[in-house]
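Visitor: Once you've had a glance at the structure underneath, I'll fire off some questions.
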Amino acid sequence: VSRSSQRECLVVCYTREVLGQTGAGHFSPIGGYDEETDSILIMDVARFKYPPHWVPLTDLTDAMLKMDPITGKPRGYLHVHLQMRSALQGAPFRVPFVPPAAGRRLSEALAAKLADIDSATGDQCPLPTSDTPHLVMMRRWLSAVAAVEPQVWGQLLQIGDLEAVQEVFARLASYQPFMDFCKAYDEATQHFCGAEFPALRFQASQLGTRRQNGNSAELTLWSCGELWVLLLLLLPEHIQVLVSPELASAGLAKGLARTIRGPWALPLEAQRETLSHILPVPRVSRAHGCGRAQP
């Protein structure tokens, strides 16, 4: 194990007293094995007491065989390794490269649309003012996307590892703000006068909403409604505040990270950072001020 290139390690449970140390039962990982001296390198986790140190293998074995007074059984070791589904496993989502000029145009066009969306006239579809806050935010977001290069927005969040995506959405089912936005998305898209947004795919049964009409072989923003919800929550704050100041101040990004945990929280945060570079602060927001446009 000490020579392994895989992500694995041995953690030993031993009695400190046998090794001439203060304390009783203790856990620490193994850092290596020296064949010449038949010694084990213990990476003591209590470094304030003992730095990493070498111990004869026979002494460590005796310390592991010492009975635990609580369980009445000898101590031992754990062989810990990270399960890798495949060598190609990667982050659940990825954000494609977007030229800086194109990203700025997209950001400014979205901001301009959000600035006047409440005063829709003519053949545009006015938004109801009596909806719940989540539904108001979702209608504003989808209406702006539908009017401003939806084919480009539909490429901004792409699938990386499919099994990881399924795992992420399974965990997000326990995050109530995400589920509230999914419910608002379902209601907003049932009678939407704009682009044809897909139905929910993972949370539909839990919310009791309309189901996806058949599962597309390819998972994209145009076949999975939850991806539009996730994209909204990953948008940079200067874009979120144009959708709704409440959305930007809700701390949703931190909530997402706490809920997803494990190996997927950091990659998701990286995608959020990438989106903030792709979609810079629009000049229109500087000219007209940030926040929801007033009718």
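The values are calculated or read from the model by the stated rules, or taken from the named source; none is laboratory data. Predicted model, so just to flag it, every value in this text is computed and none were measured. Using ideal geometry, Cβ is built from the backbone for each residue, glycine included, and neighbour counts are taken over all protein chains shown. Heavy atoms of the whole protein, side chains included, go into the accessibility calculation; ligands, DNA and RNA do not. Shrake-Rupley method; radii C 1.70, N 1.55, O 1.52, S 1.80 Å.
Visitor: I'd like the residue in the stretch 57-70 that is under 12 Å from L19 (Cβ atoms) and charged (D, E, K, R) and, out of all such residues, is most open to solvent (accessible area, probe 1.4 Å).
Guide: Once the filter is applied, the top-ranked residue is K66.
Visitor: Pick from the stretch 39-56 the residues that are farther than 18 Å from V80 by Cβ and open to solvent by 60 Å² or more (accessible area, probe 1.4 Å): which of them is farthest from the chain's Cα centre (by Cα)?
Guide: Once the filter is applied, the top-ranked residue is W54.
Visitor: Within the stretch 48-162, which helices (runs of 4 or more DSSP H) (wholly inside it) include 3 or more residues that are at pLDDT 90 or above and of a type in the set (D, E, K, R)? Steps first, answer last, please.
Guide: Numbers: elements: 57-65, 100-116, 133-147, 150-153.
Of the helices (runs of 4 or more DSSP H) lying wholly inside the stretch 48-162, those with at least 3 residues that are at pLDDT 90 or above and of a type in the set (D, E, K, R) span 100-116.
Visitor: For residues that are small (G, A, S) and modelled with pLDDT of 90 or more, tally how many sit in the stretch 1-23. Quick ask: steps written out before the conclusion?
Guide: Applying the first criterion (small (G, A, S)) to the stretch 1-23 yields 2, 4-5, 20, 23.
Checking the rest, the ones that are also modelled with pLDDT of 90 or more come to 20.
Of the residues in that region, 1 qualify.
Visitor: From the list G103, G76, which residue is open to solvent by less than 100 Å² (accessible area, probe 1.4 Å), of a type outside the set (A, V, I, L, M) and either over 30 Å from L227 (Cα atoms) or free of Cβ contacts under 8 Å to residues at least 12 places away in the same chain (or both)? Even if it seems obvious, please write down each step before you answer.
Guide: Details: G103 fails: either over 30 Å from L227 (Cα atoms) or free of Cβ contacts under 8 Å to residues at least 12 places away in the same chain (or both).
So the residue among G103, G76 that is open to solvent by less than 100 Å² (accessible area, probe 1.4 Å), of a type outside the set (A, V, I, L, M) and either over 30 Å from L227 (Cα atoms) or free of Cβ contacts under 8 Å to residues at least 12 places away in the same chain (or both) is G76.
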